[in-house]
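The values are calculated or read from the model by the stated rules, or taken from the named source; none is laboratory data. Predicted, not measured: the structure shown is a model, and the values here were computed from it. Neighbour counts are summed over all protein chains in view; Cβ atoms, including those assigned to glycine, are modelled from backbone coordinates with ideal geometry. Ligands, DNA and RNA are stripped out before the accessible areas are found, and what is left, the full protein with its side chains, is counted by its heavy atoms. Shrake-Rupley method; radii C 1.70, N 1.55, O 1.52, S 1.80 Å.
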Amino acid sequence: ADKFSGLASVIWPTSKILQVHDEYRERIKKRLSADVPAGDRDMVAQGVLEMFVFAGGLSVPSTIHCALAVLFRRDLLPSPVVINEGNIESFVFEVTRLFPAVQGFCYWQGGQRQVLSLNAALRDPAVWGKEANKFTLKDVELYRRNHIGFANPATSTPGTFDSKACPGIQLALDVAQAFVLAVCRWQPTNISTKPHVYWSPVTIPKPQGVHKKWFSDFELEIQDWLDGDQTGEHLLRSLEPIDLARLLQEIGMADAENSSLSSLLGPSKDRKSSSKLSECDMNTKVFYELSRKRFRELCERAGSTNPDESNPGPAPRYFDLDFGGRTSTIRLPVDGSLKKAVRDSVANVIGDMLKNQLDDSRHESQLVRTHSERCAAIMLCQQAFVRTGGDAPPPRSSARADSYLPKPNCTFADITTDVSQVAIARCGMGQLYLRSNDQPQLQAFGDVICDASALADFNVRPAFERMGATAVFRREASGAWTITAVDWKHGGKIVKPGDNDWEHAKWCWRCSLVTYMTAVNHLVISHWVVANAIASSCRETMSPFHPIRRLLQAITYNTASINHNSALSLFPAGGMLNRMSPFPYEELQRIFAVAADSYKFQTWPQEYEAVKLPEDVKSKLPIYQDGLEVYAAFHDFVSGYVNTYFPDDSNVSSDKELQEYWKFTCVPQYARALPQLSKQVLIDQLTRGTFDVTGYHELVGYVVAYTTDPAGGSLQVRPGLDMADLQEFLAVNSLVAGTGTPMPMFVPSGEPGDEDWLPQLDLTAKGGYDTKHFAEVSKLYANMMSKMKQISASVKTRNAPGAGREMACVAMDPLAFERSLCL
């Protein structure tokens, strides 16, 4: 008796138990929904109380614990599974089969205690199959017939007292099922700014008490970036929150402190660390960091509206783009500041150190093959480029406040489908390469081709396939298009839907489009030829108050710095473009040279007329249907502006500064392509230049819609793979992040960072012009801005669902235009 005397203070008598029991039942009853009838509330409250307190002892919480653990364990549940009413019973049965709460059943026989191993029986291959030790969802009837995890039925010899049964079997299963469903479906209700959110663990639960694996807390954070505004996010939005949280763990972002990337590159306040990033080579890591650093540097100057009033003359330094004698050298002006000189020196040292370390091999863990790995890569990309703090970008800018990646002009629910290929060709980057089908070997497949085969003429490094592919489309009587074949250059064959290589052929076509557009249309022609020629020549030859220099400076803001940055990273041997693309440097250099020499000056209407497509096809392509209206509005403004200061041809021909400007000495390829200077040619050149740095650059410069999904498009193709590996994926999106740098908008909102640029054209005080000049320019400017808003409204109408376009195309929406080239 003395031994148990202290227990009276801790063991409740029956009266105390009943008192607490009643108190809890009353508390539960008060919290029941008003829908529960008054006569049933006591019974329902009692059922809820017994469910959580008395059913199964520790078996129910241990089952719930194991069920949640399975959802987060990739080695148990290999790919994300949507848990719903249709499979929840099988899921909980499988949890209790592999991790039974009751391990054995004891009974007496012949005076000896016997133990039946329920654990062994639940893994018996004769009942559960060859994969009895693996977690797989089986037919629910198999569980109902053979599951003995609750020791039922346990019928002993008649006349004995060893028969047992668990009265709470179904209640325990129902509780576990309900809990798992609730967790999988949980969504916060206090987030109204985004249409979809999910939760993820941000800290490792802390062990409590003696049992080190029992957790007392599990902190969660809301991730609100999953709003569907990037290609690939639609695939993630189809998953349940708990599966998304598992993907975070898979890519190594659930525990930022364990990432070796942070230790390698130092702290970054915006970085979402990942062990997967640490597996990339040093070149990719450096480029990743530089892309974010340059974003912040340019962002600080993005809202500037102060014109450059320095005197004309050569730049302090030049970065020469030497193409190995294949074409004339292009010169990029460089700021003479000490900061620029130091940065260039550091860049050169880093480049020399890394240029001989070109390694195309990839570890198996870097390859993306399965749907689950694809989803994980999409999440890795979004998390790696998270942006926090800093100034908000201008309204309507393609830059984002929450990411270094820009807003895409369009998004794809699944970019790999045949329907998406049609959208790419008719409303996306493929528009520039559409032609009537004049290739005999493809005639049987359709009347329109999207030709991305030009890169097939260039050799690649051993690890890669040769680029180049042509997609064929058939126009149906309904007006719809169908992709019918891909002429796959590396494979040397025409691939059709249903063929074994169909998905790979489409992947090669998309990669060829992205690579050609990025290297040729965007980098060489838009940046190094057109924008460089205009910005360098007007700065070097015309006085700060020359009306043409003032106009050009308004549309070439910060162009010299941006072009120089692009050359440092993308032009050199061993540079990032050399590494991202499959080409040996000599071949990449040849691509640059061929692109520069291919430049041909045409107005946009002339280019429209030259395109070999049926009129009913090309007239409905957004780049022409919208673009010709934009070009006409630009032409009206530029024509009026030139007429204001140069009433006739003699004013142009007698202007010595304009004559010097027309030499374009930094870009001989541009100078050779232009007709002899005249007033009308000047108007055409200024109009096309304005169009090139706004609408055309929106089209060729924003490939983000294709790169944020590893299955979308990349700059290289590996044999047997239809998706970019993780290192290539990160490198390409680091390049894309440079296109997300916020720039002043062409149609200003008037908000800070997006000011009106009309005052830059006021030459009354410093230029010595009469007030009537600026009054006329102001009218022209107001008229142009009004037209731009009208065109934007028309573009939105054409982009509306059901209006005839496969997807929205905002490349020629004037409200999306920036008045400069970001990278």
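What pairs can you find where one residue is in the stretch 352-378 and part of a loop (DSSP other than H, G, I, E, B) and open to solvent by 20 Å² or more (accessible area, probe 1.4 Å), the other is modelled with pLDDT of 80 or more and among the polar types (S, T, N, Q), and their Cβ atoms are less than 8 Å apart, with a gap of 6+ or different chains?
As it stands, the answer is 358/578; 362/727, since those pairs meet every condition given.
With the requirement that a residue be more than 26 Å from residue 430 (Cα to Cα) and of a type in the set (Gly, Ala, Ser), what does the stretch 383-419 give you?
If the condition is that a residue be more than 26 Å from residue 430 (Cα to Cα) and of a type in the set (Gly, Ala, Ser), then 384, 389, 390, 392, 401, 403 are the ones that fit.
So which strands (runs of 3 or more DSSP E) stay within the stretch 423-480 end to end and still have 1 or more residues that are surrounded by fewer than 19 Cβ atoms within 10 Å (Cβ to Cβ) and touching a helix residue (DSSP H, G or I) at 6+ places or on another chain (Cβ under 8 Å)?
469-475
Looking at the stretch 401-412, can you tell me whether even one residue there is open to solvent by 10 Å² or more (accessible area, probe 1.4 Å), of a type in the set (Gly, Ala, Ser) and modelled with pLDDT of 95 or more?
No, the stretch 401-412 has no match at all.
Looking at this structure, is residue 288 at pLDDT 85 or above, within 30 Å of residue 590 (Cα to Cα), not small (Gly, Ala, Ser) and not in a loop (DSSP other than H, G, I, E, B)?
In short, no.
Which condition does residue 702 not pass, out of (1) aromatic (Phe, Trp, Tyr); (2) open to solvent by 20 Å² or more (accessible area, probe 1.4 Å); (3) modelled with pLDDT under 95, if it passes all the others?
(2)
Going by what's in this entry, would residue 652 be described as closer than 22 Å to residue 820 by Cβ and of a type outside the set (Lys, Arg)?
In short, no.
Only one of 646, 634, 664 is out of contact with any Cys (no Cβ under 6 Å at 6 or more places or on another chain), among the aromatic types (Phe, Trp, Tyr) and on the phi > 0 side of the Ramachandran plot; which?
Just a single option satisfies the conditions, and that option is 664.
Looking for something part of a strand (DSSP E or B), under 15 Å from residue 422 (Cα atoms) and in contact with a strand residue (DSSP E or B) (Cβ under 7 Å, 6 or more places away or on another chain) - is there at least one such residue anywhere in the stretch 485-501?
Yes, the conditions are met somewhere in the stretch 485-501.
Can you name the number of the only condition in (1) of a type in the set (A, V, I, L, M, F, W, C); (2) more than 28 Å from the chain's Cα centre (by Cα); (3) closer than 25 Å to residue 314 by Cα that residue 562 fails?
Result: residue 562 passes all but (2).
Limited to the stretch 452-478, what total is found for residues that are free of Cβ contacts under 8 Å to residues at least 12 places away in the same chain and over 16 Å from residue 513 (Cα atoms)?
Result for the stretch 452-478: 3.
Can you pull out the residues in the stretch 795-823 that are open to solvent by 40 Å² or more (accessible area, probe 1.4 Å) and at pLDDT 95 or above?
796, 797, 798
When the residues of the stretch 566-590 are narrowed to those that are part of a helix (DSSP H, G or I) and of a type in the set (Ser, Thr, Tyr), which ends up modelled with the lowest pLDDT?
Result: 569.
Quick check on this structure: which one of 53, 82, 44 is open to solvent by less than 80 Å² (accessible area, probe 1.4 Å) and either under 27 Å from residue 166 (Cα atoms) or at pLDDT 85 or above (or both)?
44
Show the residue pairs that are 6+ apart or on different chains and have beta-carbon atoms under 6 Å apart, the first residue being within the stretch 18-31 and under 12 Å from residue 50 (Cα atoms), the second being part of a helix (DSSP H, G or I).
Short answer, once both residue conditions are applied: 24/49; 25/45; 25/46; 25/49; 28/45; 28/48; 28/49.
Tell me whether the stretch 671-687 contains one or more residues that are over 40 Å from the mean Cα position of the chain (by Cα), touching a residue at least 40 places away in the same chain (Cβ under 8 Å), open to solvent by 50 Å² or more (accessible area, probe 1.4 Å) and on the phi < 0 side of the Ramachandran plot.
For the stretch 671-687, residues over 40 Å from the mean Cα position of the chain (by Cα), touching a residue at least 40 places away in the same chain (Cβ under 8 Å), open to solvent by 50 Å² or more (accessible area, probe 1.4 Å) and on the phi < 0 side of the Ramachandran plot: present.
Restricting to the stretch 753-779, name every residue that is hydrophobic (A, V, I, L, M, F, W, C), open to solvent by 30 Å² or more (accessible area, probe 1.4 Å) and modelled with pLDDT of 95 or more.
774, 775, listed by residue number.
Among 506, 493, 489, which is the only one that is open to solvent by less than 10 Å² (accessible area, probe 1.4 Å), charged (D, E, K, R) and at negative phi?
After ruling out the rest, the residue left standing is 506.
Which one of these does residue 724 not meet: (1) farther than 24 Å from residue 693 by Cα; (2) in a helix (DSSP H, G or I); (3) modelled with pLDDT of 95 or more?
Going through (1) farther than 24 Å from residue 693 by Cα; (2) in a helix (DSSP H, G or I); (3) modelled with pLDDT of 95 or more one by one, residue 724 breaks only (2).
Just to be sure, is residue 719 farther than 30 Å from residue 375 by Cβ, open to solvent by 30 Å² or more (accessible area, probe 1.4 Å) and either of a type in the set (Gly, Ala, Ser) or in a loop (DSSP other than H, G, I, E, B) (or both)?
no
Go through the stretch 523-561 and give me each residue that's of a type in the set (Ser, Thr, Tyr), closer than 13 Å to residue 308 by Cα and surrounded by 21 or more Cβ atoms within 10 Å (Cβ to Cβ).
Selection gives 536, 556, 557, 559.
Could you look through the stretch 332-351, keep only residues that are of a type outside the set (Gly, Ala, Ser) and outside any helix (DSSP H, G or I), and pick out the one that is modelled with the lowest pLDDT?
335
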